[in-house]
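A.B. asks: I have a structure I would like to understand better, so I am pasting it below and will then ask my questions one at a time.
Just so it is clear, none of the values below were taken in a lab; they were calculated from the coordinates. Predicted model only: the values in this text are computed from it and were never measured. When we count neighbours, we look across all protein chains shown, and the Cβ atoms used for this are built from the backbone with ideal geometry, even at glycine.
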Amino acid sequence: MIRRYDYGEPIPTGAIELPQPVCTDQMPRFTVAQGEGVLTFRLTLEEDDLIFGLGENVRGINKRGHIYRAWNSDDFAHTEDKRSLYASHNLVLFSGSRGVFGLFIDDPGAVTFDMGYTRGDEAVITCENGSCSAYYIEADSLIGAVKEFRHIIGRSYLPPKWGLGYIQSRWGYRSADELREIARNHRERHIPLDILSMDIDYMERFKDFTWDKQLFPDLKGFIDELRADDLRVMPIIDAGVKVEAGDPTYDEGMEKGYFCKKEDGSVFVGAVWPGHAVFPDFLREDVRRWFGEKYHGLMEAGVDAVWNDMNEPAIFYSLEGLEEAYAKADELRSRNIGVYDYFDLKDAFTGMSNSMADYRRFYHELDGKRYRHDRVHNLYGGMMTKAGAYGMRSFAPEKRYVLFSRSSIVGAHRDGGVWQGDNNAWWSHILLNLRELPGMNMCGFLYTGADLGGFGQNTTEDLLQRWLQLGVFTPVMRNHSAMGTREQEIYRFRNWEQMRDTLTVRYALIPYLYSELVKAAVKDDMLFRPLAFDYPRDKQAVRVEDQLMLGGACMIAPVYEQNARGRYVYLPEDMLMVRFRSAQDYDCIPMTKGHHWIDLAMNEFPLFIRKGQAIPLAGGAECVAAIDAKSLTLLGWLEHGTAFTLYDDDGECAKIDLEAGLTLVDVQVREGRVSARADGLTLDTARIVIG
Ligand code: MIG
């Protein structure tokens, strides 16, 4: 059951695709109060209530005990004290003795979610705009609540199958020659690879939709050459457009009035990578179409994958902010300052980035109304995704595209994926990577993953190796690192062969992962679920913070501690552990429900398959196109016959016909012998364990 309640004059966000009637009775369970410009929803928490949701954010899978704030932020240190990351995923579900219920706050402004932080027994949600559409959700189960919610927000974006391929990326790859070199190093060593990403350095002085003609003298020729080797490039597009007369994006946008303006009607200027930059008003549909069509230039050169960055929007400083800081410095220079003056002076400069003062300086137009940026802040990144998606769809309507964004809001899940932003080469960030996944899935963001190995700071060979062992399962599988950090391509490390072997498992799992991803999108389901969703009555399972259910049949439990050679795992039911070293080399060990210590050498990682279920594994491949999805090995632990459906298609048609792509795989175990049948598939059942 979903019931919509409107308070004040809600600002339209486009999150909901199936409009719901407005209810006029009182919202169940929550105490709603309007006053002092804010709107609050209060709920008394019971001792055992669990809280799920809030998508991409810090801390646990169970969100209880911290305070979060929907305020899309460019943050490069995802530490526990933070309240916001890049996204506003305002769905929160409560589960306990009162059943399963929750709220989705549809509002593009700041919303605070105090989840038992101020008082352990109270949840308080505060809309700083003082208005919103609030959707009260009640269901028999957590997954039921998610499905109902997902149904009204519309189907998730799906990448082409090759979007599941391994992506090698780094801020700092400069030229076609350098990218060729990276590609060669992978291919020569048979390290699987599908996509090379191009960060801001490919552009001509950081101007969107340009590329440096010296570093990329023939972009199309270069892309064709890579394609012949089953490789693609994925250039970045930033939100800020360089102020430079003569640049077509700047000139056209200025002429047509497409950039965000200040109160006095002049265009707002902020500094980002290109230096002085202006910000397209993505909240306007005409601006989205214009900006989206700019992607066609890259697509004509053969690009079909793009990432959108800096779209919170990140603003290093504004002209006004800089002036104010200089004025402060001038004022203080004339006297003998005290320490507090010194702190003020320092803050005047360090506090300039992504400042609230700047977010109050410019305006947007949304559905014909003018809004100051801070009131609609969280829409910006998602609307940029819509612009990019419009561009990519209109260029090749019959095909899917790869697109992921840093900033997001519910609604943009229909148009693109997200990556988890600027993490660090910290062990705790493997775990954070895992913990963010279910919340993002709840809000429809299925095509997602984190910078494997860590973006900031220097990675180490063991950290990268363990992180890849989680990345094997995430739809976006990208190794990305920041300029100035240690080089992070797999082949730079002593243990590169083991990491290559880990990647073979990814490619062998793609038929299963692709099938589960498409099914999750079409059926409004999650790819990754907390154990609480599948085993709500198991007191131990509901609080597990370092394992996730994956698809219909599996559970993952990565190693995330340095120097560990194994880990404890909780099995909520009997499962088959597949301990992988490579796609060809693995053990299958039946295990019983309960707690277990599992030995895992540096090159080993587990996948658990529920008893009674089976999954397919393909043979080796170095790119997605070379995967033979017709000849599969089945893994599982079966007592009786089992049946599952596998989805497949040409991997890129824009229209998904689920029924047409499903193949029923029927596995029979009789008198100790296994047989499996499925139309058009060759199945090897030698790895089915009989219970
Ligand atoms: O201010 O384009 O999150 O992935 O490498 C940094 C350079 C800007 C932030 C992105 C990161 C990217 C980097 N960008």
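A.B. asks: Sorted from largest down, what three extents in whole angstroms do the Cα atoms of segment 267-370 have along their principal axes?
C.D. replies: 61, 34, 17
A.B. asks: About the Cα centre, and with charges only on the beta carbon of Lys, Arg (+1) and Asp, Glu (-1), how big is the dipole of segment 607-691? Nearest 20 debye, please. Numbers along the way, then the final one.
C.D. replies: Values: 8 positive and 13 negative charges, 108 e Å.
Dipole magnitude for segment 607-691 comes out near 520 debye.
A.B. asks: Under a no-solvent Debye model with one identical scatterer per Cα of segment 1-121, what's log10 I(q)/I(0) at q = 0.11 Å⁻¹?
C.D. replies: For segment 1-121 at q = 0.11 Å⁻¹, log10 I(q)/I(0) is -0.39.
A.B. asks: Given contacts defined as C-alpha pairs under 8 Å and at least six residues apart, what's the relative contact order of the chain, whole-number percent?
C.D. replies: 13 percent
A.B. asks: For segment 568-691, give me the percentage of DSSP beta bridges that are antiparallel, rounded to the nearest 5 percent.
C.D. replies: Antiparallel: roughly 85 percent of the beta bridges in segment 568-691.
A.B. asks: Note down the relative contact order for segment 439-556 as a percent, whole number, built from C-alpha pairs under 8 angstrom at least six residues apart.
C.D. replies: Computed over segment 439-556, the figure is 21 percent.
A.B. asks: What does the extension gain come out to for residue 631 and residue 538, with contour length at 0.36 nm per residue minus their alpha carbon separation?
C.D. replies: Taking residue 631 through residue 538 to full extension adds about 29.7 nm, to one decimal.
A.B. asks: Continuing with the same structure: Would you mind ranking 555, 352, 577 by Cβ crowding within 10 Å, fewest neighbours first?
C.D. replies: Exposure proxy ranking, most exposed first: 352, 577, 555.
A.B. asks: Using +1 at the Cβ of each Lys and Arg and -1 at the Cβ of each Asp and Glu in segment 636-691, identify which of 661, 681, 636 lies farthest towards the dipole's positive end.
C.D. replies: About the Cα centre, the residue reaching furthest to the positive side is 636.
A.B. asks: So if I place +1 on the C-beta of Lys and Arg and -1 on the C-beta of Asp and Glu, and nothing else carries charge, what would the dipole magnitude of the chain be about its Cα centre? I want it in debye, nearest 20.
C.D. replies: 1020 debye
A.B. asks: On to the next question. What FRET efficiency do you get for residue 263 and residue 326 if R0 is 35 Å and r is their Cβ-Cβ distance, rounded to the nearest 0.05?
C.D. replies: 0.95
A.B. asks: If r is the Cβ-Cβ distance from residue 595 to residue 639 and R0 is 22 Å, what FRET efficiency results, to the nearest 0.05?
C.D. replies: 0.40
A.B. asks: Going down the list 256/369; 207/294; 63/539; 220/386; 399/655, which pairs span over 20 Å between their C-alpha atoms?
C.D. replies: Over 20 Å Cα-Cα: 220/386.
A.B. asks: For the modelled label position 7 Å from the Cα of residue 657 along Cα-to-Cβ, which residues of segment 365-408 have backbone nitrogen atoms closer than 17 Å?
C.D. replies: 398-400
A.B. asks: Also: Compute the FRET efficiency between residue 360 and residue 184 as 1/(1 + (r/R0)^6), taking r as their Cβ-Cβ distance and R0 = 60 Å, and round to the nearest 0.05.
C.D. replies: Efficiency for this residue pair is about 0.75.
A.B. asks: Now for a separate question. For segment 146-161, just list the computed ³J(HN,Hα) in residue order, Karplus coefficients 6.51, -1.76 and 1.60, θ = phi - 60°, integers in Hz, with x standing in for Gly and Pro.
C.D. replies: 4, 4, 5, 5, 4, 4, 7, 8, x, 5, 5, 4, 10, x, x, 4
A.B. asks: Straight-line reach from residue 147: which lysines fall under 17 Å, measuring Cα to Cα and dropping same-chain residues less than 8 apart?
C.D. replies: Partners found: 519, 523.
A.B. asks: Here is a further query. Run the simple label-point estimate for residue 80 and residue 228 please: 7 Å along Cα→C-beta, distance reported in nm.
C.D. replies: Once both label points are built, they end up 5.5 nm from each other.
A.B. asks: Let me ask you something else. Which of 291, 191, 144 sits farthest toward the positive end of the charge dipole of the chain, with +1 on the Cβ of Lys and Arg and -1 on the Cβ of Asp and Glu?
C.D. replies: Going by the Cα projections, it comes out as 144.
A.B. asks: Given the chain, report the % of alpha carbon pairs whose separation exceeds 46 Å.
C.D. replies: 17 percent
A.B. asks: What is the extension gain from residue 293 to residue 48, computed as 0.36 nm multiplied by their sequence separation minus the C-alpha to C-alpha distance, in nm to one decimal?
C.D. replies: Values: separation 245, 0.36 × 245 = 88.20 nm, distance 5.13 nm.
Contour length minus Cα-Cα distance gives 83.1 nm.
A.B. asks: To the nearest 500 deg cm²/dmol, what mean residue ellipticity at 222 nm is calculated for the chain from DSSP H runs of n ≥ 4 alone, each contributing -39,500 (n - 2.57), summed and divided by the residues?
C.D. replies: For the chain, the value works out to -7500 deg cm²/dmol.
A.B. asks: While we're looking at this one, here's another question. Calculate, in nm to one decimal, what residue 585 and residue 337 gain on full extension: separation in residues at 0.36 nm each, minus their alpha carbon distance.
C.D. replies: 82.5 nm
A.B. asks: Of the options 329, 391, 156, report the single residue whose Cα projects farthest towards the positive end of the charge dipole of the chain (beta-carbon charges: Lys, Arg +1; Asp, Glu -1).
C.D. replies: So the residue we want is 156.
A.B. asks: Turning to a different aspect of this structure: Which trypsin sites (Lys or Arg not before Pro) in segment 208-307 pass both tests, a DSSP loop state and at most 10 other beta-carbon atoms within 10 Å?
C.D. replies: In loop regions of segment 208-307 (DSSP not H, G, I, E or B), the sparsely surrounded trypsin sites (Lys or Arg not before Pro) are 213.
A.B. asks: If I fit a long axis through the Cα atoms of helix 176-188 and take the longest principal axis of the Cα atoms of the chain, what angle between them do I get, 0 to 90°, rounded to 10?
C.D. replies: Roughly 20 degrees, rounded to the nearest 10.
A.B. asks: Only four residue types carry charge here, +1 at the Cβ of Lys and Arg and -1 at the Cβ of Asp and Glu. Report the dipole size of segment 306-356 about the Cα centre in Debye, rounded to the nearest 20.
C.D. replies: 220 debye
A.B. asks: Sort 117, 359 so that the residue with the fewest other Cβ atoms within 10 Å of its own Cβ comes first and the one with the most comes last.
C.D. replies: Placing the least packed residue first, the sequence is 117, 359.
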